[in-house]
Amino acid sequence: MASLGRDILPDLFVSPDFDDSSVRVTFTRPRDVRGCDWKIVADGKRVAGGRVPAGGRGRVVEFTAKLPGFAPWTIDAPFLYRLTLTLSSGGGSRRVVQDFGMRKVHAAGNQLYLNNKPFYVRGVIRGREAHDHANLLGLPEEEYYAKFIRAAKKLGFNFIRFHSRVPSEAYFDAADRLGVLTHVEVRKYFGKYQAERELMDHDPTLVRRKDWVDAIKRIRNHPSLMVYCLGNEINKPGRNPEVAERAAQLRRLDDTRLFIDTCARGEPDRDGVDLDVQHMGYFAPFGTHYDMFDTSANWAIFGSVADKEMVARSDGAATAREVPVRYPVVAHEVGHYINLRDLDALKRKFKSARARAAAEEPWWIDELIKLRKLKGLNRDYDRLRAASIRHQFIWHKQVFESIRKSPVLVGFHFLQLADTERYENANGLLDCFDDLKPEVDVAGYAKFNSDAVLVADLPRRTFFDGERITIPVWLSNCTDWLAGEGTLTWRLASNGSKAVAMGGRLDRVNLPPGLSRLATVTLTLPAVAAAQAMTLSVQLKLARGRTVANEWNLWLYPDRPAELAIRRATLAMDGLNLVKRYPQLAGAGGRRHERLLIADRFSEAVFDQLARGGDVLMLYRVPETRDRSARRERYYLPATWDRFKAVIWDRGHNLGGFLRPHPAVAAFPTDGFLDFQFAGLIDDSDKLSLDGFPVPVAPIVQGVDKAVRDRYDVFTFKLRELQPDWTMRKFAYLFDLRVGRGRLMVSGFNFTGLESGRPEAAAMFESLAACVAGSAWQPRAKIAVADLKAYLAGMGRRPRIKERMMTQYWQLDDAPLESAQYWKDAEAWIRRR
């Protein structure tokens, strides 16, 4: 019972004054009330009380209660007081009860505070139907929300953003009791997502006055409430006079919370808000976009309230205006990376839930099971799913840590914690029953999603031996206990061997609140005889024993190109200069027909080589993969342009991958899954599709495709069902075949890094070279030369499978958000014959 009798006093406001150790109570006296007794109880004991004298009809009642030595409401200890009002009238008495917490939220400079201490927003999103789920177990409503909150806090989150929704009293009662802060949005969405966006963008009223006022009065007594927001992604709010009107109404009704007009898309130079939520871009924080969370430059696309030109273009150049950070800024909708669902377990859960709560099984479960069978993926599905979960984890870690070391951000909204049952997209750490997925590494998430997080600044993860590297170490500190001085230790060690074993220690390191650069580690990597997978561990320890720790995977490779296992080969390369790193190959093809041919596309020469019983190392890279104007390949192995980043809801097609034991990758250490040692090999690569390949092939390195629809397929192209041509494809980065009497190794990896000195490119190529030059290479899959040639020629004549509208943007990787022109171009490309 968090509140009782709210219908009697609908404007009751219990407003804590944290700094004054007091609470102010106001309400409008009902006409028949002649007196009011009040008391405040904590842990069953009365701590304050009194009587409000009788007054005139309709009179506003106000009184203040002092609470010296009060217990504050915090995330970790959400202490609740209970106010009871006994209203006396000629007909007897009525009781009104309201729980409240002593807490304070405010913004100062570019920082948010809870109870006068820095607060870092680690938020999750629910509310909008795409980002929420029904009460499938039929739990009592408060328990339905409590289960979600407990799971969120277990994973380190402290904040819930309700996308386009104001949640129920049952939610707030659970949040007050369990300790999580809340952001609400009063502007609602209706209907289909794309259609409603178009309608709402032209609605002259953002939120009607009555809806705004009613929402404020209904929820303002809850200590878990932190932010009032008008709505999601409202265009140009800084120029809308309604925003100032709604802000002024809020200040009169509740001046103890924070106000923001829109969750993303606001002009960065607007006034009148307490904090900002900005879209940081749909990039991935590695490689080219490693610093995407460190800059405010992308906010320029949302314009200026003063109509200033944000980017001036002339003579083929661009001059961008610096975008100042004027408020505490939270990153909008980050980390919404999908994985593959456990379809069979989910089907069993829905069967059980249907018996308990009449929960209807979604249509897409059976459809995905059928598609999995159609694509021949049943046997490998568990490994595919495990690979997708690993890929999601490494990107969550990279994104969360990148945000924690950002100088412009004080938090993030994670999209999303729990899967929805409405759509097939699965980007949650919980399933749609709010159960933690068994594969989720709770301890692993704690290392980068807690009050205190150590971050090693690592724009690279792969290195050559002998390199001298510098690693800044950052601390994001929003704790009560991490203060004063501590001892910093680090260790870099090989996994499973003693080839690398280095470490260091720094005593009496200052531990200020907020973000600080604690130390810089500079080291020279040792010479190694073989490639090494390593772990960098960093720990911060206080004198009283408490610690903060984190770790990162790194890889070290020998830099000895002269030791390449290939001594003689015929080169047929159009776009890659192997000789730059391996000058010995310049004269390696002295004879017309060497035993090994290295090529980057299929040709008559390739088929002739295989027909003679020779070997082919195919480093497949064809212009048409990334250039729409390029000549189509005559002999075409279907491929798609890949990026080393995760799938963002329905943008993209890379859910990671797994490796099978094989001599081709014996000198390239992995734990069986793709990790950051593959970044340079996969980004801008030709990922190969084996759908419909004439013989069964078990790829050496197999990629995982998404199992979801593109939203524009549904709303623009009216393709309501899952489309097999571009869904759950059997992807390969590397596979081999016995072709006639010859042997064929096919790679879709990007080896242009051989020309620029990327360690992972050199290491993978040298591992492949050792395989094709050795006797242990025995491909299992077999095909006749004529059959392979006929298949590739047939694919060359067929129309190409085009990636859909959301994925084209993901592939281009050249803009923080899709533009109006982009949408037109993407649709036109798909419709083009």
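Name the single residue that is farthest from residue 743 (Cα to Cα) among those in the stretch 588-622 being of a type outside the set (D, E, K, R) and open to solvent by 60 Å² or more (accessible area, probe 1.4 Å). It would help to see each step written out before you state the result.
Step one: filter the stretch 588-622 for residues of a type outside the set (D, E, K, R), giving 588-590, 593, 596-599, 602-603, 605-607, 609-611, 613-614, 616-620, 622.
Adding the requirement that they be open to solvent by 60 Å² or more (accessible area, probe 1.4 Å) leaves 590, 593.
Numbers: 590: 21, 593: 15 Å.
Looking at residues that are of a type outside the set (D, E, K, R) and open to solvent by 60 Å² or more (accessible area, probe 1.4 Å), I get 590.
Every condition in (1) touching a strand residue (DSSP E or B) at 6+ places or on another chain (Cβ under 7 Å); (2) open to solvent by less than 10 Å² (accessible area, probe 1.4 Å); (3) among the acidic types (Asp, Glu) holds for residue 274 except the one numbered (2). In the set 499, 527, 531, only one residue is loosely packed, with under 15 Cβ neighbours inside 10 Å and farther than 23 Å from residue 402 by Cβ; that residue is 527.
Please work out which residue is nearest to residue 437 (Cα to Cα), limiting yourself to the stretch 371-394 and to residues that are among the aliphatic types (A, V, I, L, M) and in contact with a helix residue (DSSP H, G or I) (Cβ under 8 Å, 6 or more places away or on another chain).
Taking the candidates together, the pick is 394.
Look at the stretch 484-498: where a residue is of a type in the set (Asp, Glu) and a partner is part of a strand (DSSP E or B) and open to solvent by 50 Å² or more (accessible area, probe 1.4 Å), sitting 6+ places away or on another chain with Cβ atoms under 9 Å, you get 485/507; 485/508; 485/510.
Yes or no, residue by residue, for (1) open to solvent by less than 50 Å² (accessible area, probe 1.4 Å); (2) without any contact (Cβ under 8 Å) to a residue 12 or more places away in the chain; (3) charged (D, E, K, R):
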{"site": "45", "(1), (2), (3)": "no, yes, yes"}
{"site": "65", "(1), (2), (3)": "yes, no, no"}
{"site": "83", "(1), (2), (3)": "yes, no, no"}
{"site": "86", "(1), (2), (3)": "yes, no, no"}
{"site": "94", "(1), (2), (3)": "no, no, yes"}
{"site": "97", "(1), (2), (3)": "yes, no, no"}
{"site": "111", "(1), (2), (3)": "yes, no, no"}
{"site": "115", "(1), (2), (3)": "yes, no, no"}
{"site": "121", "(1), (2), (3)": "yes, no, no"}
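Residue-level check: of (1) among the aromatic types (Phe, Trp, Tyr); (2) open to solvent by less than 10 Å² (accessible area, probe 1.4 Å); (3) assigned to a loop (DSSP other than H, G, I, E, B), residue 693 misses just (2). Which residues, counting only those in the stretch 308-342, are of a type in the set (Asp, Glu) and not in a strand (DSSP E or B)? Selection gives 309, 315, 322, 342. Only a single item in (1) at pLDDT below 95; (2) at positive phi; (3) not β-branched (Val, Ile, Thr) is not met by residue 69, and it is number (1). Residue 699 - would you say it is in contact with a Phe, Trp or Tyr (Cβ under 8 Å, 6 or more places away or on another chain), part of a loop (DSSP other than H, G, I, E, B), under 25 Å from residue 596 (Cβ atoms) and open to solvent by 10 Å² or more (accessible area, probe 1.4 Å)? In short, no. Is the stretch 671-682 home to any residue that is closer than 13 Å to residue 732 by Cβ, open to solvent by less than 20 Å² (accessible area, probe 1.4 Å), at pLDDT 95 or above and assigned to a strand (DSSP E or B)? No, the stretch 671-682 has no match at all. Could you go through the stretch 187-197 and let me know if any residue there is of a type in the set (A, V, I, L, M) and at pLDDT below 95. The answer is yes; a qualifying residue exists.
Across the stretch 439-483, the qualifying residues are those that are touching a residue at least 60 places away in the same chain (Cβ under 8 Å) and of a type in the set (Lys, Arg), and the one among them that is nearest to residue 340 (Cα to Cα) is 447. Within the stretch 783-833, no residue satisfies the criterion of being free of Cβ contacts under 8 Å to residues at least 40 places away in the same chain and on the phi > 0 side of the Ramachandran plot.
Under the condition of being outside any loop (DSSP other than H, G, I, E, B) and under 29 Å from the mean Cα position of the chain (by Cα), the residues counted in the stretch 222-279 number 19. When the stretch 4-41 is filtered for residues that are more than 15 Å from residue 63 (Cα to Cα), in contact with a helix residue (DSSP H, G or I) (Cβ under 9 Å, 6 or more places away or on another chain) and surrounded by 20 or more Cβ atoms within 10 Å (Cβ to Cβ), nothing remains.
Can you pull out every residue in the stretch 480-530 that is among the aliphatic types (A, V, I, L, M) and not in a loop (DSSP other than H, G, I, E, B)? Please lay out each step first, then the result.
Kept after step one, since they are among the aliphatic types (A, V, I, L, M), are these residues of the stretch 480-530: 482-483, 488, 492-493, 499-502, 506, 509, 511, 515, 518-519, 521, 523, 525, 527-530.
Result: 488, 492, 493, 501, 502, 506, 509, 515, 518, 519, 521, 523.
The values are calculated or read from the model by the stated rules, or taken from the named source; none is laboratory data. The shown structure was predicted, so the numbers you read here are calculated from the model rather than taken from an experiment. So basically every Cβ, Gly included, is an ideal-geometry build from the backbone, and we count neighbours across all protein chains shown. Note: areas computed on protein heavy atoms with side chains; ligands, DNA, RNA excluded. Shrake-Rupley method; radii C 1.70, N 1.55, O 1.52, S 1.80 Å.
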